[in-house]
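Worksheet: the structure to be examined is printed underneath.
The values are calculated or read from the model by the stated rules, or taken from the named source; none is laboratory data. As the structure is a computational prediction, the values presented were derived from the model and not from experiment. Methodologically, a virtual Cβ is constructed for each residue, glycine included, from the backbone with ideal geometry; neighbour enumeration extends over all protein chains shown. Accessible surface is based on the protein model in full, side chains and every heavy atom, while ligands, DNA and RNA are left aside. Shrake-Rupley method; radii C 1.70, N 1.55, O 1.52, S 1.80 Å.
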Amino acid sequence: MVTTQKVLVARLGDEQWSQLLTCSAGGRSSIVKQTAVRTGTVVVVVSGSPGLVDTHVHEAVAKATGARSTER
């Protein structure tokens, strides 16, 4: 079974959204975070463990758009 939950995401571009996906099977569950950011015609989607997505989404958007990331 897979459930989804919308979560807040920092304003990183023209549009952004984020969700947590909880996948459950056989008494075990895993959580994956997916964040998408659109800046102009560029769309960046980062998926993975929630902590890593939060840590790297700023850098991924900056890299994809040619901007310098000031957040660490």
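For this structure, a couple of remarks:
- Residues in the stretch 49-72 that are outside any helix (DSSP H, G or I) and in contact (Cβ under 8 Å) with a residue 12 or more places away in the chain: 49, 71.
- The residue that is nearest to the chain's Cα centre (by Cα), among those in the stretch 16-28 that are part of a strand (DSSP E or B) and either at positive phi or among the polar types (S, T, N, Q) (or both), is 18.
- Which numbered condition residue 31 misses (of (1) more than 13 Å from residue 2 (Cα to Cα); (2) part of a strand (DSSP E or B); (3) open to solvent by 80 Å² or more (accessible area, probe 1.4 Å)): (1)
- Within the stretch 19-37, the set of residues being farther than 14 Å from residue 61 by Cα and of a type in the set (Gly, Ala, Ser) comprises 24, 25, 26, 27, 29, 30.
Let's see how each residue does on (1) in contact with a Pro (Cβ under 8 Å, 6 or more places away or on another chain); (2) farther than 15 Å from residue 8 by Cα; (3) of a type in the set (A, V, I, L, M):
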residue	(1), (2), (3)
20	yes, no, yes
26	no, yes, no
43	no, yes, yes
55	no, no, no
61	no, yes, yes
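- The condition of being assigned to a strand (DSSP E or B), surrounded by 13 or more Cβ atoms within 10 Å (Cβ to Cβ), touching a residue at least 24 places away in the same chain (Cβ under 8 Å) and under 11 Å from the mean Cα position of the chain (by Cα) does not hold for residue 46.
- Which listed residue, of 11, 38, is free of Cβ contacts under 8 Å to residues at least 40 places away in the same chain, in a loop (DSSP other than H, G, I, E, B) and charged (D, E, K, R): 11
- Residues located in the stretch 14-28, provided they are touching a residue at least 24 places away in the same chain (Cβ under 8 Å) and surrounded by fewer than 11 Cβ atoms within 10 Å (Cβ to Cβ): 25
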